[in-house]
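Just below is one structure, and these are the notes that go with it.
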Amino acid sequence: MTQTAIHTKWKFVIEFEDDETQEISGTIGQADTREECEGLLEYDMEYHRSHGRTVVNAEAAEVCAKCEGEGKIASGDGGRVVCDACGGRLGPISNLTSSLRSNEKEFLLIRLGDFSGRFSPRQAA
Ligand SMILES: [Zn+2]
C-alpha cells in the first residue's frame with residue numbers, strides 16, 4: 001500500500017486597525033502551499049502598513065483541502081460523513097503565526113498533533 005500525503009491548503013486571516021478610525025477589520029485568504037501563504041501574508045501586511053493601518057494579528061492554518069478542517073464532508077444524501085482524506089481530523093494540522101511585536105517577518109510554524117504514518121507534510125525543498 002502506498003502512502004499518500006493528505007492534500008492540504010492554507011487559510012489565513014489578517015486583522016488590522018485603521019490608525020485614524022481605530023476600527024479593526026480583517027481579511028481572509030487562502031493558499032495552496034506554506035510558501036505561498038507566507039508570501040501572501042507578508043504582502044498583505046505590507047499593504048496595510050503602507051495604507052496607515054496597524055496589523056494587529058496575522059495567522060494561518062493548514063487544513064485538509066477536502067473538508068477544510070471540519071473533519072466531515074457532505075454526503076450525497078444531504079448528511080455528513082467523516083472525511084476520507086484526513087480520517088476525520090478536526091481543526092488545523094498546523095498553524096503559522098507571525099511575531100508582530102518584534103516587527104520581524106518571521107513566521108512560526110506550529111505543527112499540531114501527530115500525523116506520523118498518516119500525514120506526511122510536504123517539506124520545503
Ligand atoms: Zn479532511
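Tyr43 meets each of the listed conditions (1) out of contact with any Ser or Thr (no Cβ under 7 Å at 6 or more places or on another chain); (2) surrounded by 13 or more Cβ atoms within 10 Å (Cβ to Cβ); (3) under 23 Å from Ile110 (Cβ atoms); (4) of a type outside the set (A, V, I, L, M, F, W, C) apart from (2).
Scanning region 47-96 for residues that are exposed (fewer than 13 other Cβ atoms within 10 Å of the Cβ) and either in a loop (DSSP other than H, G, I, E, B) or acidic (Asp, Glu) (or both) yields Ser50, His51, Gly52, Ser75, Gly76, Asp77, Gly78, Gly79, Asp84. Scanning region 1-29 for residues that are surrounded by fewer than 17 Cβ atoms within 10 Å (Cβ to Cβ) and closer than 23 Å to Ile110 by Cβ yields Ala5, His7, Val13, Gly26, Thr27, Ile28, Gly29.
When the residues of region 28-44 are filtered to those that are among the aliphatic types (A, V, I, L, M) and part of a strand (DSSP E or B), which remaining residue is farthest from the ligand (Cβ to nearest atom)? If we take residues in region 28-44 being among the aliphatic types (A, V, I, L, M) and part of a strand (DSSP E or B), then Ile28 is farthest from the ligand (Cβ to nearest atom). Restricting the first member to region 69-94 and to residues that are more than 15 Å from Lys11 (Cβ to Cβ), and the second to residues that are among the polar types (S, T, N, Q) and more than 7 Å from the ligand (Cβ to nearest atom), the beta-carbon pairs closer than 6 Å and six or more apart or on different chains are Val81/Ser75.
Matching residues to (1) more than 16 Å from the ligand (Cβ to nearest atom); (2) in contact (Cβ under 8 Å) with a residue 40 or more places away in the chain; (3) of a type outside the set (Val, Ile, Thr):
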| site | (1), (2), (3) |
| --- | --- |
| Ile14 | yes, yes, no |
| Glu46 | yes, no, yes |
| Asn57 | yes, yes, yes |
| Lys66 | no, yes, yes |
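We did not get these values from a lab; they are worked out from the coordinates using the rules stated. Treat the numbers as computed from the prediction; the structure is a model and nothing was measured. A quick note on method: Cβ atoms are made from the backbone with ideal geometry, for glycine too, and the neighbour counts reach across all protein chains shown.
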